[in-house]
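Q: Before I ask anything, here is the structure I am working with.
The values are calculated or read from the model by the stated rules, or taken from the named source; none is laboratory data. In this text, all values refer to a predicted model and were calculated from it rather than measured experimentally. Heads up, the Cβs are rebuilt from the backbone with ideal geometry, glycines too, and the neighbour counts pull from every protein chain shown. When the accessible area is computed, the model is the full protein with side chains, heavy atoms only, and any ligands, DNA or RNA have been set aside. Shrake-Rupley method; radii C 1.70, N 1.55, O 1.52, S 1.80 Å.
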Amino acid sequence: MISDTENSLLNSINKVRQNISEAAIKSGRTSEDVLLLGVTKTIDIETMRKAYDLGVKHFGENRVQEYLKKSDNLNRDCHWHIIGRLQTNKVKYLDQRIDLIHSLDRIELAEAIQQRGQKINHVFPALVQVNVSGERTKAGIYQDELINFLLKISKMGNIKVVGLMTIAPYTEEPEEVRYIFKKIKQLAVDIGREKVENINMKELSMGMSGDYRIAIEEGATIVRIGSALFGERDY
Ligand SMILES: *Cc1c(COP(=O)(O)O)cnc(C)c1O
């Protein structure tokens with residue numbers, strides 16, 4: 001017997017996958033070029049197991065504590081991503097099971113991650129979070145500070161930058177954020193040309209439930225989807 005919740009999860013996953021595929025084709029790619037990251041903050045472990053069994057193998061959390069608890073109990077061979085603002089005092093809990101940190105957004109955080117990496121003899125793959133909209137309330141490195149930031153990180157042997165991440169401003173009209181995604185893509189191309197040691201621009205983490213189709217059309221390689229898969233969160 002398939003329960004109603006399982007059915008609706010299956011429907012949501014299928015719909016999101018379909019949208020990803022269509023948007024990827026518009027950008028001259030296929031769905032295999034875009035990673036669907038299920039954002040599971042506040043989502044229970046049972047639902048996550050179901051999602052895994054339905055093919056969502058990458059999970060994103062924004063609290064380190066929640067990540068630790070879930071990764072100890074989920075019992076699936078999944079991949080873990082840290083996506084939200086990471087407090088420096090939580091870095092000591094990061095471990096080798098983390099596939100990618102999406103929110104490297106300040107030098108103190110980089111220094112803490114570097115120290116942690118040295119301690120556990122691990123290189124943490126990370127994306128630099130960029131703030132192109134210039135909104136002061138948003139985390140992220142401003143565009144004109146990005147190259148200097150990257151030059152500093154490139155000397156940290158226990159961090160490997162593999163791309164950029166951004167959170168577009170919320171808007172009712174998704175098309176309004178297209179120019180932000182375009183800008184990030186262009187930044188990644190420009191930085192890629194600089195050939196900074198220890199830095200590559202393979203990944204672009206951009207797009208959430210409201211705007212992932214547009215993000216993919218503009219070159220996203222990872223989309224971070226919460227509510228479109230799991231329903232509205234109640235905090
Ligand atoms: C919560 C969150 C998401 C997912 O948001 P939805 O709109 O539910 O898809 C993506 N990225 C980050 C950084 C988040 O905190």
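Q: Going through the cross-link list Lys41/Lys119; Lys50/Lys182; Lys50/Lys119; Lys26/Lys152; Lys15/Lys119; Lys69/Lys119, which pairs have a Cα-Cα distance over 31 Å in this structure?
A: Too far apart for the 31 Å limit: Lys50/Lys182; Lys50/Lys119; Lys26/Lys152; Lys15/Lys119.
Q: Below 15 angstrom from the Cβ of Glu197, what's the summed charge of the other residues (Lys, Arg +1; Asp, Glu -1)?
A: Residues near Glu197 contribute +4 overall.
Q: Taking all protein chains in place and a 1.4 Å probe, what share, in percent, of the accessible surface of the stretch 1-148 do carbon and sulfur account for?
A: Numbers: 3460 of 7700 Å².
Carbon and sulfur atoms account for 45 percent of the accessible area of the stretch 1-148.
Q: Okay, next question. Report the Rg/Rh value for the chain, based on alpha-carbon coordinates and the Kirkwood definition of Rh.
A: Ratio value, two decimals: 0.96.
Q: Same structure, new question: Residue by residue through the stretch 105-117, what is 3J(HN,Hα) from phi via Karplus (6.51 cos²θ - 1.76 cosθ + 1.60, θ = phi - 60°)? Round to whole Hz and write x for glycine and proline.
A: So the Karplus estimates, Gly and Pro as x, are 10, 6, 5, 4, 5, 4, 5, 5, 5, 4, 4, 4, x Hz.
Q: Could you name the aspartates and glutamates in cross-link range of Lys57, using Cα to Cα under 19 Å and dropping any fewer than eight places away on the same chain?
A: Output for Lys57: Glu6, Glu32, Asp33, Asp44, Glu46, Glu66, Asp72, Asp77, Asp95, Asp99, Glu203.
Q: Given only helices, namely DSSP H runs of n ≥ 4 each adding -39500 (n - 2.57), what is the per-residue ellipticity at 222 nm of the chain, to the nearest 500 deg cm²/dmol?
A: Working: 8 runs with 91 residues, N = 235.
Computed mean residue ellipticity for the chain: -12000 deg cm²/dmol.
Q: Taking the mean number of other Cβ atoms within 10 Å as a proxy for protection, how do you rank 194-202, 113-121, 154-162 from highest to lowest?
A: Those peptides, ordered most packed to least, come out 154-162, 113-121, 194-202.
Q: So what's Rg/Rh here for the stretch 1-133, counting alpha carbon atoms and using the Kirkwood radius for Rh?
A: Dividing the radius of gyration by the Kirkwood radius yields 1.01.
Q: Using 0.36 nm per residue of separation minus the Cα-Cα distance, give me the extension gain between Lys92 and Ile147 in nm, one decimal.
A: Fully extending the segment from Lys92 to Ile147 adds 17.1 nm.
Q: If you count the DSSP beta bridges with both ends in the chain, what percent of them are antiparallel, to the nearest 5?
A: The antiparallel proportion sits near 0 percent.
Q: I'd like the accessible area for Tyr179, computed on protein heavy atoms only with a 1.4 Å probe and all protein chains in place. Round to 10 Å², please.
A: Tyr179 has an accessible surface of roughly 130 Å² with all protein chains in place.
Q: Then there's this: Just to check I understand the Karplus step: with θ = phi - 60° and J = 6.51 cos²θ - 1.76 cosθ + 1.60, what whole-Hz values come out for the stretch 46-51, glycine and proline as x?
A: Once θ is set to phi - 60°, the couplings for the stretch 46-51 become 4, 5, 5, 4, 4, 4 Hz.
Q: Using a 1.4 Å probe and counting only protein heavy atoms, arrange Ile43, Ile82 so the residue with the most accessible area comes first. Kindly include the intermediate steps, with their values, before the conclusion.
A: Working: Ile43 25, Ile82 0 Å².
Largest accessible area first, the residues go Ile43, Ile82.
Q: Given H placed 1.01 Å from N in the peptide plane, which residues other than close sequence neighbours of His79 have an amide H under 5 Å from its amide H?
A: Placed amide hydrogens put His58, Phe59 under 5 Å from His79.
Q: What does the extension gain come out to for Arg49 and Arg85, with contour length at 0.36 nm per residue minus their alpha carbon separation?
A: Full-extension gain reported as 10.4 nm.
Q: When the dipole is taken about the Cα centre of the stretch 79-212, and only Lys, Arg (+1) and Asp, Glu (-1) are charged at their Cβ, what size is it in debye, to the nearest 20?
A: Using Cβ point charges on Lys, Arg, Asp and Glu, the stretch 79-212 gives about 560 debye.
Q: Let me ask something else about it. So what's the Cα pair-distance distribution over the stretch 1-47, bin width 5 Å, in %?
A: Result returned by the calculation: 5, 18, 21, 21, 16, 12, 7, 1.
Q: Over the stretch 31-75, average the accessible area per residue using a 1.4 Å probe and give it in Å², no decimals.
A: Per residue, the stretch 31-75 has 47 Å² of solvent-accessible surface.
Q: Can you give me the accessible area per residue for the stretch 79-192, using a 1.4 Å probe, in Å²? Display every interim value, and only then the final one.
A: Values: 5460 Å² over 114 residues.
With the other protein chains kept in place, the stretch 79-192 gives 48 Å² per residue.
Q: If you place +1 on the Cβ of every Lys and Arg and -1 on the Cβ of every Asp and Glu, how big does the dipole about the Cα centre of the chain come out, in debye to the nearest 20? Intermediate values should be presented prior to the final figure.
A: On the way: 34 positive and 33 negative charges, 144 e Å.
Once rounded to the nearest 20, the dipole reads 700 debye.
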